[in-house]
Structures are given as C-alpha cells and as structure tokens.
Amino acid sequence: MKIAVVGSGYVGLVASACFAELGHEVICVDNDPEKLAALVRGETPIHEQYLPELLARHRGQRLKFSASLPEAVRASSVVFVAVGTPPRETGDADLSYVEAVAREIAQSLNGYKVVVEKSTVPVYTSEWIRRVMQLTGAKAADFDVVSNPEFLREGTAVSDFLYPDRIVIGADSERAAQILQEIYAPLTKGTYYARSAGVIPEPPGAKIPAQLILTSAKSAELIKHASNAFLALKISFINAVANVCEAVDADVEQVALGIGTDSRIGKRFLRAGIGYGGSCFPKDVAAFRSVARECGYDFPMLQEIIRVNDEQRKRFLKKVRTALWTLRGKRLAVLGLAYKGGTDDIRESPALDIIRSLLSEQCSVVAYDPAATERAQQVITGDITYAEDPYQAAVGADALLILTDWEGFAALDLARIKSLLRYPIVIDGRNLYSRETMQKEGLLYVSVGRATVELESSRASALAKE
Ligand SMILES: NC(=O)c1ccc[n+]([C@@H]2O[C@H](COP(=O)([O-])OP(=O)(O)OC[C@H]3O[C@@H](n4cnc5c(N)ncnc54)[C@H](O)[C@@H]3O)[C@@H](O)[C@H]2O)c1
C-alpha cells in the first residue's frame, strides 16, 4: 500500500516507520524544515526504543521524507493525518492544523483517497474534515474519511504500534474500511509476527494477532477520548485514595495491590504519585469535557479528574516544604524532567511544574534526566543547573526529589546517595522505593500515600537490632 503520513512527531514518525516495517511504501511529510532535515540526515529526533533501528532499516527504501504534502498525497492512496491537536485556552482541541491539512489534501486529489484521522480529535471531526474538503472543491466520490485513533505510549511507542491491544477502524464506507484492514493485515492476521528475522521483540503480555475493532467514525473518535479519560480517571482515583491513606496511616501500595488484583479492575494505572502529564491526558480530558458539554451533556466527573491531578502536584510541594522546613536558599537535587520515564517529552510534565514552583520559592535546583535535559533547558529559566548523573545531582543537596519514573531511578546506590546529600532526605513523587529499603538505608523518606520514614524510626530499628 502507498501511504502518506502528515506530521513526523511522536505519532507520525513512529507510524511511518512501523508502516514501512509492515511492508508499505511510506512518505512522511512535515512542514518543520529543521525536523525534516534532521530526518533526512539520518537522525532520530525523538527518544523512542527501536525507532533508530526501524528508521535505519527503511529510510531511503520504503520510507521517504518530504516537505511537499501535495506530492505525497498524489503518490499515495491513503493519507494519515498525525499533526498536533493542542489545547486551546478554553480546553477544547485546536483543530486548525487538521483543517489546514484537510484543505491541502483536497487541493491535491488525483483520484480516490482515504483520509485517516490518526491525531486525537473530538467526535464529529471526520464530518468537519469531509465538509472542509468538499468546500475546498473535492468531490464526495473522490475520498472517504476514516478515524483510526492511536493508542501508543511514548517510551514504548514502536512496540505498542506493532503489538497493539486493539486496532480501531472507524469507517462509514465499506471501501475505506477494506483499505484500512489491508494496511493492518500483517498485524491482525499475524503474518508480521511469523517472520523469520528482524521482528521487533514481542513485549510481555502482547496479544497476537492484534484484535481489530470496526466501528463508525464517531464511535472511533469517542473511543480515543473515552479511553484516555478513563486512564486519567484511574490515576486520579488512586491518587485520591493515596490522600486518604496518608490521613489514616495506611499504605497506598498495599491498597492498590488489593484493588488491582481484581481482574475487573486491573493493576495498571493504579500507581499513586504526582499525577499524570504529557501531551495527551491533560489535553484529551479537557477536550472530552468540552466536546461533551457542546453536545449537551455536562460531564463533571472529568473536571474532578483534572482537579485531583492538579492538587497532587500542590500536595507534593507541601511535602517538600514540610520535610525541609524552609525552602528559600535550599539546594535540591531533582531526578526527572520528562513527564514519565522512557521518553524525552516534557510537555505538561509535572516535574517541570514542580521545579518552576521550587525556583519561584528561591530554591536552587540541580536536575538530572537521562533523555529530556536538552528540551528542558530550552523552557526553564532560573537557578537551575543540570547534572550528568543522579550522583552528581545529589552532591551537597539538601534533599533528593524523584519526579519521573525512569527505571534507573529505582535502582540507585542509596548508600552513595546518602553520603553525597547534605541532609539524608529523599522525597519520592513516584513511589519507586519501599519504605523498608529506605528505613534500612537510614534515609528520611517521604512518598505518596504512605507514612513518612522518619530518621528516628531508622535509629530505633538499628537500636532494636543491636
Ligand atoms: N504523543 C503521543 O503519545 C500520542 C499518542 C496517541 C495520540 N496522539 C495524538 O496524535 C497527534 C500528534 O501527536 P504528536 O505527539 O505526534 O505531536 P507532535 O507535536 O510531536 O507532532 C506533530 C507534527 O506535525 C507537524 N505538522 C503540523 N502541521 C503540519 C502541516 N500542516 N503539515 C505537515 N506537518 C505538520 C509538526 O511539525 C510536528 O512535527 C495529537 O493529536 C495527539 O493527541 C499522541
């Protein structure tokens, strides 16, 4: 299949590389000349596991990059739109990039095309795209609009794309639905997984072959918004439970295990912490609320998800204040800038939000992140420096703050950290350590939804052992 993908961001670039991996001819288009030049030079502009390998394998062969949307449209039978849909001040999605692309596609038609919404968009967008294209002069018979929402997670985007829980195709035309099914056939029929060599490794728990869900375009649009809202709800729910745990001296990790082992609920997304961030959940929950309201249904539960999430960052700051007594002039080691581990994405990162608040309280910050430092440097100003590793960040700091759940942050040499810190305080916004471990190390340990490990108790337990 000949495919054009418009947008070479986290979704567009991964989709392009994966479609090429599935055997399709792909032209990936972007209107950012710098990004495009980097891609053509052979660079990988985002941090994603397996993406460099896939780009190296297919670049210049089945995968080409272009600045010309019209040329890409003319050379393809299917056009995936994967441009940004950022939030507007009002909370609803800014669809102006999608509209601009729809107009350009309409002007470039040279035969029947399927236009696919890959970006996350509110219900009715497929109808708006159709309308805009017709207003621009496209004939109704020359195109169909399909919704094919993307569920990949940054950090594991390639694996998620190639081993998805499900593939949703929302099409109101049989012809378009057929074409989309052909594109994904290597995954839904399983031929990709049966290849003898070069297959991207199967992640644990993968469902093979991928399940296909055929729906109307509107249902598919709603599936994406409702999925993200539900995941955000799970996070805010466990964070609210964590707050009750703190009030009664219970342990949210134990509670989450007890809840999550119920197969109707599931363990995933029940990790208490400083809340969700990223380019999707915050904007999609707000957009879903907005679109529901526009359609005549108030959905206050969505507002509550957002409120709990915002509150979680404030509660964390209060913990830092409580642990350190005064903040002004304190030097803080911060582990994590990205909104979650495994990515360099800092959009709506709770870590950056917290760092900004600390800087505004006249703390100095020494931050470390394995992938997101360069991006953070471009947006954070003030008394912040960047370390080469967690240990360098800890030198002389009044406390160590863990703000991102990078795997490496859960495996620190704690004795070394303790020897480098000025005060032996670790404030963990991601619950990466057990209280017992921190107690054994003699650290004052503050986490989320669990009692603080005080220095006294570690001394008391040392005495008890003697
Ligand atoms: N990032 C994720 O994890 C994720 C997951 C699922 C869905 N989504 C959705 O996918 C969409 C894209 O997200 P992203 O994170 O990839 O965004 P992104 O900002 O990383 O990438 C968007 C790209 O589109 C390009 N672009 C914008 N207008 C263009 C135009 N007219 N012509 C060509 N290129 C153009 C931009 O230059 C940019 O490279 C959003 O709607 C998002 O909600 C994102």
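Things to note:
- Rounded to 5, the percent of DSSP beta bridges in segment 219-466 classed as antiparallel: 5
- Linear extension gain, T385 paired with R88, 0.36 nm per residue minus alpha-carbon span: 103.8 nm
- Distance between the modelled labels on T437 and D249, one decimal in nanometres: 2.5 nm (7 Å Cα→Cβ projection).
- Residue-by-residue Karplus 3J(HN,Hα) for segment 321-330, coefficients 6.51, -1.76, 1.60, Hz, glycine and proline x: 4, 5, 5, 9, 6, 10, 9, 3, x, 6
- Lysines whose Cα lies under 22 Å from that of K418, excluding same-chain neighbours fewer than 8 positions away: K319, K330, K440, K465
- Length gained when the stretch L135-D413 is fully extended (0.36 nm per residue, less Cα-Cα span): 93.8 nm
- When only Cα pairs below 8 angstrom with a gap of at least 6 residues are kept, segment 2-215 shows a relative contact order of 19 percent.
- Radius 10 Å from Cβ of V123, net charge of other residues (Lys, Arg +1; Asp, Glu -1): -1
- Remark: segment 163-177, residue by residue, has Karplus-estimated 3J(HN,Hα) of 10, x, 5, 7, 10, 9, 10, x, 10, 9, 10, 4, 4, 5, 4 Hz, where x stands for each Gly or Pro and the curve is 6.51 cos²θ - 1.76 cosθ + 1.60 at θ = phi - 60°.
- Percent antiparallel among DSSP beta bridges (both partners in the chain, rounded to 5): 10
- For V168, residues with placed amide H under 5 Å, excluding near neighbours: I213
- Percent of Cα pairs exceeding the 44 Å cut-off, where the set is the chain: 18
- Of all DSSP bridge pairs formed entirely within segment 2-215, close to 10 percent run antiparallel.
- Farthest positive-ward along the chain dipole, Cα basis, beta-carbon charges - from L212, Y276, L401: L212
- At R0 = 56 Å, FRET efficiency that the Cβ-Cβ distance of A100 and L257 yields, to 0.05: 0.70
- Only lysines eight or more places from K283 in sequence, or on another chain, were considered; those with a Cα closer than 26 Å are K35, K118, K218, K224, K234, K267, K314, K318, K340.
- With a Förster radius of 25 Å applied to the C-beta separation of A67 and K218, the computed FRET efficiency comes to 0.15.
- The charge dipole of segment 2-215, taken about the Cα centre with unit charges on the Cβ atoms of Lys, Arg (+1) and Asp, Glu (-1), comes to about 600 debye, rounded to the nearest 20.
- Approximate spin-label separation R153-T322, in nm, with each point projected 7 Å along Cα-to-Cβ: 2.9
- Within the chain, helix-based [θ] at 222 nm, where runs of 4 or more DSSP H residues each add -39,500 (n - 2.57), nearest 500: -13500 deg cm²/dmol
- Electrostatic dipole magnitude of the chain [Cβ: Lys, Arg +1; Asp, Glu -1; Cα centre; debye, to 20]: 220
- Efficiency of FRET between R41 and R175 - r from beta-carbon atoms, R0 25 angstrom, step 0.05: 0.05
- Measuring nothing but how far apart in sequence close Cα pairs (under 8 Å, 6+ apart) lie, relative to its length, the chain scores a relative contact order of 11 percent.
- 3J(HN,Hα) from dihedral phi, segment 432-439, Karplus parametrisation 6.51/-1.76/1.60, rounded to Hz, x for glycine, proline: 7, 10, 7, 5, 4, 4, 5, 5
- For segment 330-466, average projected area of the Cα convex hull in nm²: 7.9
- Amide H contacts of D94 (H built 1.01 Å from N, in plane; Pro and chain starts excluded): R88 sit under 5 Å, all sequence-distant by 5 or more or on other chains.
- Remark on V116: its backbone amide H falls under 5 Å from those of V79, F80, V81, V146, a criterion applied only to residues 5 or more positions apart or on other chains, H modelled at 1.01 Å from N.
- Taking other Cβ atoms within 10 Å as a rough exposure proxy, Y297, Y184 sort from fewest to most as Y297, Y184.
- Contact order for segment 42-103, expressed relative to its length and based on alpha carbon pairs under 8 Å spaced 6+ residues apart, stands at 17 percent.
Each value in this text was obtained by applying a stated rule to the coordinates, not by laboratory testing. Computed from a predicted structure; not experimentally measured. Glycine gets a Cβ as well: all are built from the backbone with ideal geometry, and neighbour counts include every protein chain shown.
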